[in-house]
Every structure is written in structure tokens, then in C-alpha cells.
Amino acid sequence: MRIFGELQDRADASAAEAARVRLNLSSVRSLVAVASPKGGSGKSALAVNIAATLASAGRKVGIVDADLNAPSVLAMLGVKVPRYLPMAEGIEPASGPLGIRLVSGEFLPEVQPPAPISFVDFADVSAEPVREPLEASHSAAVARMLAQTRFGNLDLLLVDLAPGFDRLHRLASLVMPAGVLLVTRPSADDARGLARIFAMRKRLGLPILGVVENMVGFSCNNCRSVRPLFPEGEVSRVTREAGIEIVARLPFDPRFAESSERGRLFAQEYADSPLAKQIAEMARRIAAEMNARAAEAGNSIDLSDSAEETAD
Ligand SMILES: Nc1ncnc2c1ncn2[C@@H]1O[C@H](COP(=O)(O)OP(=O)(O)O)[C@@H](O)[C@H]1O
Ligand SMILES: [Mg+2]
């Protein structure tokens, strides 16, 4: 077991670190955070399929797998973890299917499989304080991926966050995303977490793109109607009260979970399914909204639709 904090010269995020992140991301037209109040709501699976939809339409897309405790983006894309090669100029992203550029906590030399990584020294849990180093090391790892990965020119960089408001808060303190996509299950439990994020959004100036209500219902082969998987209504209520839009209400489709587990792209494998069509429509809306915001913000990066590689 390696302890991440031991391997960091300095674990706290600083203004200099934020400046390095901003400089490194200056070739990225739009940064979108994919966040959720709780885990298992579908952030990673949706991020991967949104990226695939846009990449297959010729956009240059990247994903930062920033859930360091449960990294899943590489597995969902069927990408084997490359050996990490320390580079003087930074971390070389992996090229996933459709040319999606990927960086994951799994790339960091400290996280080389099969050695597990911990953010806390369990041999020393009695020592105070435990929480701060843990938080700081996690943030440092995310900051490092954002500041050192050689993404090259990208239309869109999706940051697949670990669940919880604090992760979103910490990302925003490092670099404010151009948009935040919130993914949630329909349950009242998730809705409570969502309401907490809404309560903080004005203070932090979070540009929330909308809420994806995922796993809304299940339609089995022999059922006459769609069955809800969770008691519904609370997500709609808190979202409406906050004046936020629900951008999609997505059904549960077992093929989606199967594709993810096999490292296949559902959006391509089952492109004609209602769920894939909804994901594609959502991806197009996000891209259009991000393009409009980037143009408004005077972001001058203008990439062609060609798959041509740009020199990094
Ligand atoms: N609409 C859906 N239908 C079927 N399976 C889904 C759906 N959304 C997510 N899943 C599956 O649920 C599991 C949790 O999703 P994941 O993307 O890992 O969540 P998170 O990143 O928010 O923790 C994964 O196995 C994923 O494939
Ligand atoms: Mg995830």
C-alpha cells in the first residue's frame, strides 16, 4: 500500500497551482464537470458515452477520470492502463476509442496497479488530523492531472468527479468549469444532496448546465408499462424550486450497464435504442451550449471538425 500524501512535495492547492492549471487548459475550449451528490448515479458511464457521441461527430474530446477512489473511465472505454512514463513536460494522455484523450488517477505512478492506493495512512489513523491530509492529497492528484496532462487542443474536456459537493467545490477553486452537469438518481436521498449543491451554487458561481435524472424507470420485455426503480418526485421538486433545468430523464437499460462492464460504447453498440438516442441528444445540447458560452466568453480556440491531429 502506497500513501499518496507521502509522495507529494506539497499537497495543498495554491494560487500558483491554479495558475498552472489555467495555463495548461488554455488549449481547451470548454471544461465541463460531471458531478453528483452521491456515487453510482451514472456519471462515468454517461461521461464516456457523451464523449463518444461528440467524438464520433468529429469533435476533439478529453476525459479526466478524477474519481481517485473508484476510477472507472479506462475500464468503461476498454482501455488498458498504459505504463506510466514520467515525462519532463507532463503526463501524456492515453488515446481511447474515437481518439478520446484520457487521463486517470490510474496513470499516476503512485497508483500503478496492482498496488492499491490510500489517501490515509491506516497504520497511523490515531494521529490527528486525518481528514485534512486526505482531502489535500486527493485535490493535489486532481490538480496534477489538470496541470500536467498534455491534452493538446480540445473542444471539450469532461472532468468525471468523485461524488459529493466537496469535490465540485475543490475543482471550482482550482478552475471554474464552463458548465456543470449534475447526474442523480430519482430518489429522495439523492435529491437532498442535490439541494445542498443548489444551495451553494450562487455563492460559488457554479454554472450549472442542468440535471440528468438517471435510472428513472425500467422497462422489462414482458412488462406493459415502465416501472419506476426509485420513489420519484423529489428530484423534480428541488430542481424546479432552484430554477434549474432537468436536461434528461434517462431510463435504466441493462444493456447500458453490460456495455460499460465490457468496456464497450453503448452509444455505438445500441445507437438505435431510446436511451442511446437520449444520450446523443443530450450530448449535442451540451456541445451547443458550451460552444455558445465559449464564444460569449471570447474563447478564441476554434477547432475544425476534421479528425486531424494538432501539434501539442
Ligand atoms: N441508465 C442506466 N441504465 C443501466 N445501467 C446504468 C445506467 N446508468 C448507469 N448505469 C450503470 O450503473 C453503474 C454505476 O454507474 P457509474 O457511471 O459508475 O456511476 P458513478 O460514476 O456516478 O459512480 C455502472 O455499472 C453503470 O454502467
Ligand atoms: Mg464514476
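Which condition from (1) buried (at least 17 other Cβ atoms within 10 Å of the Cβ); (2) within 19 Å of residue 70 (Cα to Cα) is the one that residue 166 breaks?
The one condition residue 166 does not meet is (1).
Looking only at helices (runs of 4 or more DSSP H) that fall completely inside the stretch 217-269, which ones have 1 or more residues that are loosely packed, with under 14 Cβ neighbours inside 10 Å and within 21 Å of the chain's Cα centre (by Cα)? Let's see the steps before the verdict.
Values: elements: 234-241, 254-261, 266-269.
Where helices (runs of 4 or more DSSP H) fall fully within the stretch 217-269 and carry at least 1 residues being loosely packed, with under 14 Cβ neighbours inside 10 Å and within 21 Å of the chain's Cα centre (by Cα), they are 254-261.
Against the definition (within 28 Å of residue 96 (Cα to Cα), assigned to a loop (DSSP other than H, G, I, E, B) and charged (D, E, K, R)), how does residue 285 come out, yes or no? Walk me through how you get there before you give the answer.
Working: within 28 Å of residue 96 (Cα to Cα): yes; assigned to a loop (DSSP other than H, G, I, E, B): no; charged (D, E, K, R): yes.
Answer is no for this residue.
Among the residues that make up the stretch 121-134, is at least one of them touching a helix residue (DSSP H, G or I) at 6+ places or on another chain (Cβ under 9 Å), surrounded by 20 or more Cβ atoms within 10 Å (Cβ to Cβ) and either over 23 Å from residue 94 (Cα atoms) or modelled with pLDDT of 90 or more (or both)? Before the answer, list the steps.
First pass over the stretch 121-134, keeping only residues touching a helix residue (DSSP H, G or I) at 6+ places or on another chain (Cβ under 9 Å): 121, 130, 133-134.
Retained after the next criterion (residues that are surrounded by 20 or more Cβ atoms within 10 Å (Cβ to Cβ)): 133.
Those still in the list that are either over 23 Å from residue 94 (Cα atoms) or modelled with pLDDT of 90 or more (or both) too: 133.
Checked against the condition, which is being touching a helix residue (DSSP H, G or I) at 6+ places or on another chain (Cβ under 9 Å), surrounded by 20 or more Cβ atoms within 10 Å (Cβ to Cβ) and either over 23 Å from residue 94 (Cα atoms) or modelled with pLDDT of 90 or more (or both), the stretch 121-134 yields at least one hit.
Inspect the stretch 291-305 for any residue being charged (D, E, K, R) and either at pLDDT 95 or above or under 20 Å from the mean Cα position of the chain (by Cα) (or both) and give the result as yes or no. Quick ask: steps written out before the conclusion?
Narrowing the stretch 291-305 to residues charged (D, E, K, R): 293, 296, 302, 305.
Right, trim to either at pLDDT 95 or above or under 20 Å from the mean Cα position of the chain (by Cα) (or both) and you get 293.
Yes, the stretch 291-305 contains a residue that is charged (D, E, K, R) and either at pLDDT 95 or above or under 20 Å from the mean Cα position of the chain (by Cα) (or both).
Among the residues of the stretch 35-73 satisfying the criterion of being in a loop (DSSP other than H, G, I, E, B) and of a type in the set (D, E, K, R), which is nearest to residue 282 (Cα to Cα)? Walk me through it before giving the result.
First pass over the stretch 35-73, keeping only residues in a loop (DSSP other than H, G, I, E, B): 36-42, 57-60, 67-72.
Restricting the remaining residues to those that are of a type in the set (D, E, K, R) gives 38, 59-60, 67.
Numbers: 38: 21, 59: 15, 60: 17, 67: 23 Å.
Looking at residues that are in a loop (DSSP other than H, G, I, E, B) and of a type in the set (D, E, K, R), I get 59.
Pick from the stretch 208-244 the residues that are small (Gly, Ala, Ser) and modelled with pLDDT of 95 or more: which of them is nearest to residue 42 (Cα to Cα)?
Filtering the stretch 208-244 for residues small (Gly, Ala, Ser) gives 210, 217, 219, 225, 233, 236, 242-243.
If we keep only those that are modelled with pLDDT of 95 or more too, we end up with 210, 236, 242-243.
Details: 210: 15, 236: 18, 242: 22, 243: 23 Å.
In this case the residue turns out to be 210.
Each row is one residue, and each column tells you yes or no for (1) at pLDDT 95 or above; (2) on the phi > 0 side of the Ramachandran plot; (3) more than 11 Å from ligand 2 (Cβ to nearest atom); (4) not basic (Lys, Arg).
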{"site": "20", "(1), (2), (3), (4)": "no, no, yes, no"}
{"site": "35", "(1), (2), (3), (4)": "yes, no, no, yes"}
{"site": "56", "(1), (2), (3), (4)": "yes, no, yes, yes"}
{"site": "89", "(1), (2), (3), (4)": "no, no, yes, yes"}
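The values are calculated or read from the model by the stated rules, or taken from the named source; none is laboratory data. Being a predicted model, the structure only gives us computed values, none of them experimental. For neighbour counting, all protein chains shown are included, and Cβ atoms are generated from backbone atoms with ideal geometry for every residue, glycine included.
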